[in-house]
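Report on the structure given below.
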Amino acid sequence: MSQGSLCPCGKHCRAIQALRDLTETQNQLCLLAREESVIVSIVEHLHHVVSASQHRFTSWLSAVAACETAQANLVIAQSVSRSRSTTPRWAVEAEQRLFHQWVKKEQHHWEQRLLQIQRGMANYHTYIQKCVQQFVLTPDCLALCLPLLDELLRHLEERIEHHHLASICAHELFLQFEQRWDYERDRLDYEIAQVPQAYQAGRNQAQARWGLYVVTGIGRPVSLTQTTMNYRFMVHNRQLELYSQQCKLFLTTKAEQFRLYVQQMEGQYKATVLAAQQERWHMLHAQLSVDIADPDQLPALQSLVLSYFI
């Protein structure tokens, strides 16, 4: 903060520097206060992502269990050992652990950010009190305050527009990811449901060949028991592949959506805070623009200016 002499002193006016510091500090204080409440929404959204992911992991593990059972039955039917071709349970659990590690990291980040905000707000309150002590309004200072407020208002308009556009962009990307996930989820759900019908044709052909062998004794096929077991294994194995694709797509999509959600929230609350600040500065600018004939009004006007910050 400048410690220059009182007006008239041009650029080194103590009151003008104090007003500049007050506006910048108060803006940061409002942003922190708003961010403190927004973090709650961010953490709640993260918990929603976790609860939704648990359902996907449960479906994936169920598919693994069904495929393991089908493979075991097929081994019994063939009476030979088969190499393991299903997705192992440990692989699913490894994905689950990685996701939980990501969640824990994100939660730790926002908890640390909350502590930083609380410390920052305490520091800014102390700094505002120091700025207030430097703000001594004189008629010359008043004339210099108006150009400063004009500059501040132009700067606020630029920042509001920037944050507004950033929020819109993040929201549009968020919706695109949401639409992509909805489409891919429905497509994979449909494919999973259609797998039995897709393999039924091969099963019917095997049964027809078995019937032909019974009648003619030509071209003995695989036994019906082994055919049935092989059919069930192929169905569950294909469904498991699709569940795996669906779950991994869900995890990557939701992680990216969470990042975009945070970006969208940050843009929204910054634009909201700056718009509220802009409205207050317009009101202050209008009140300071009134000509002062009586110097005795300066203390009241000084108290009015300071009321915007403390």
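The values are calculated or read from the model by the stated rules, or taken from the named source; none is laboratory data. Only a predicted model underlies this, so the values are computations on that prediction, with no experimental measurement involved. Don't worry about glycine lacking a Cβ; one is built from the backbone with ideal geometry, like all the others, and counts go over all protein chains shown. Ligands, DNA and RNA are excluded from the accessible area calculation, which covers all protein heavy atoms including side chains. Shrake-Rupley method; radii C 1.70, N 1.55, O 1.52, S 1.80 Å.
Observations on the structure shown:
- Members of segment 159-184 found to be over 10 Å from LEU274 (Cβ atoms) and of a type in the set (Asp, Glu), listed by number: GLU172, GLU178, ASP182, GLU184
- In segment 49-70, the residues that are within 28 Å of GLN107 (Cα to Cα) reach residues that are open to solvent by less than 10 Å² (accessible area, probe 1.4 Å) with C-beta atoms within less than 6 angstrom, at least six apart or across chains, in these pairs: VAL49/PHE258; ARG56/CYS247; ARG56/PHE250; TRP60/VAL92; TRP60/CYS247; LEU61/VAL92.
- GLN107 fulfils the conditions (1) more than 24 Å from TRP281 (Cα to Cα); (2) of a type outside the set (Phe, Trp, Tyr); (3) open to solvent by 40 Å² or more (accessible area, probe 1.4 Å); (4) modelled with pLDDT under 85 except for a single criterion, (4).
- Residues within segment 256-288 that are open to solvent by 30 Å² or more (accessible area, probe 1.4 Å) and closer than 19 Å to GLN179 by Cβ, tallied: 4
- Scanning segment 125-151 for residues that are out of contact with any Cys (no Cβ under 8 Å at 6 or more places or on another chain), in a helix (DSSP H, G or I) and open to solvent by less than 70 Å² (accessible area, probe 1.4 Å) turns up ILE128, CYS131, VAL132, GLN134, LEU142, ALA143, CYS145, LEU146, LEU148, LEU149, ASP150.
- When ALA193, ALA166, ALA170, ALA91 are checked against the criterion of being assigned to a helix (DSSP H, G or I) and either open to solvent by 40 Å² or more (accessible area, probe 1.4 Å) or of a type in the set (Phe, Trp, Tyr) (or both), ALA193 stands alone in meeting it.
- So SER51, is it surrounded by fewer than 11 Cβ atoms within 10 Å (Cβ to Cβ) and modelled with pLDDT of 85 or more: yes
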